[in-house]
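Peer 1: Quick one: this structure, given as structure tokens, is what I'll be asking you about.
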């Protein structure tokens, strides 16, 4: 019994020594406490960019910012927070790299001086309003501020700000460009349009199914079923529904096949461009041409009198218009809708004497966003920006 107690005492002493060593190691380690806890808990890397590991405080700041941004909308699915955090971490890693490559940077001393300047004002204010025992010295305030917000994170966010103020600054928009967009917005096409779907045409076709055609199809189906039964080695005698039982089904199949053939023949005839005209398309399809006036800025949603809405922003239509406004245009495909048309008239708006300042501002912001976003995207790809899948799935570092 005494030996067992002695053994337990030795084990306990060993564990205490190990714990003390771990505590001393953590106390004198140069790594952040959050990183040490991640390592001790078995966690792995959050991600990396240009071979540099993404630090936990970067991901934590990005995620907290996203949660604060979305909290005004109430309960938000985690997938939105995850995507927002992923984009924010990417920006916080990539934008400082771009700024550094451009030779733009800020020193740690500059940031420290800014912090001290702000805190010195706070010290002066508290000296006027608080009792001596409640006051903090400038050194105490600096220590508190730096523990709350590490310098490495401040440096990164300051560089993001430099990117926004330089690379992502609004683009200048010329008067000529503003006038051109203004004219394009108010200019319009006069179109004659024939639009239809395959279903429209199939429903308009007429066909008949004779008794002989249905019986031929019945015998073909029955023979194929018998061959399958033999291959599958089904037990018992082969049985198959009677002709009368399958008659309606056979009739539908014969009619469908005939209408499909009519559709193929019609499309083949429409594909013959020689002497083609919108009147010919209208005559062959049975759909009348519809007149439509549409502004250049509304080509994505052209409303027709029949109730259809078509999209004409495809590359083929725009290329055809650029080449020539004359003759039959098409076929263009908008989902299931096939479109043929002619351009009857182009109504160009006169140059605008009064420019819209809101348009210029929005255009400048759009151009700067597109430019900056493309650069960030390319830098992220070349620098192999990565977040671990678990971080993206859970919204927290792995």
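The values are calculated or read from the model by the stated rules, or taken from the named source; none is laboratory data. Note that the coordinates shown come from a computational prediction; the quantities given were computed from them, not determined experimentally. We place every Cβ from the backbone using ideal geometry, glycine too, and count neighbours over all the protein chains shown.
Peer 1: So which helices (runs of 4 or more DSSP H) stay within segment 127-245 end to end and still have 2 or more residues that are closer than 30 Å to residue 296 by Cβ and assigned by TED's automatic domain parsing to the domain that holds residue 62?
Peer 2: Fully inside segment 127-245 and qualifying: 175-186.
Peer 1: Identify, by number, the condition in (1) part of a helix (DSSP H, G or I); (2) in contact (Cβ under 8 Å) with a residue 40 or more places away in the chain that residue 104 doesn't meet.
Peer 2: Result: residue 104 fails condition (1) only.
Peer 1: Does at least one position in segment 263-274 carry a residue that is over 45 Å from the mean Cα position of the chain (by Cα), over 14 Å from residue 340 (Cβ atoms) and not in a loop (DSSP other than H, G, I, E, B)?
Peer 2: Within segment 263-274, none of the residues are over 45 Å from the mean Cα position of the chain (by Cα), over 14 Å from residue 340 (Cβ atoms) and not in a loop (DSSP other than H, G, I, E, B).
Peer 1: When you scan segment 184-199, how many residues do you find that are more than 31 Å from the chain's Cα centre (by Cα) and surrounded by fewer than 17 Cβ atoms within 10 Å (Cβ to Cβ)?
Peer 2: 4
Peer 1: Sort out which residues of segment 179-198 are farther than 21 Å from residue 294 by Cα and either in contact with a strand residue (DSSP E or B) (Cβ under 6 Å, 6 or more places away or on another chain) or at pLDDT below 90 (or both), and write them in order of number.
Peer 2: 197
Peer 1: Pull out all pairs, ordered by first then second residue, where Cβ-Cβ is under 6 Å, the residues are six or more apart or on different chains, the first lies in segment 314-337 and is in the same structural domain as residue 301 (by TED's automatic domain parsing), and the second is crowded, with 16+ Cβ neighbours inside 10 Å and outside any strand (DSSP E or B).
Peer 2: The qualifying pairs are 328/276; 328/278; 329/320; 332/317; 334/311.
Peer 1: While we're here: Restricting to segment 321-334, name every residue that is modelled with pLDDT under 90 and surrounded by 15 or more Cβ atoms within 10 Å (Cβ to Cβ).
Peer 2: 321, 330, listed by residue number.
Peer 1: A follow-up question, please. For segment 158-178, name all the residues that are buried (at least 17 other Cβ atoms within 10 Å of the Cβ) and modelled with pLDDT of 85 or more.
Peer 2: 158, 159, 160, 162, 163, 167, 168
Peer 1: Inspect all residues belonging to segment 41-57 and state whether any of them is modelled with pLDDT under 50 and surrounded by 15 or more Cβ atoms within 10 Å (Cβ to Cβ).
Peer 2: Looking for residues that are modelled with pLDDT under 50 and surrounded by 15 or more Cβ atoms within 10 Å (Cβ to Cβ), one finds at least one in segment 41-57, hence yes.
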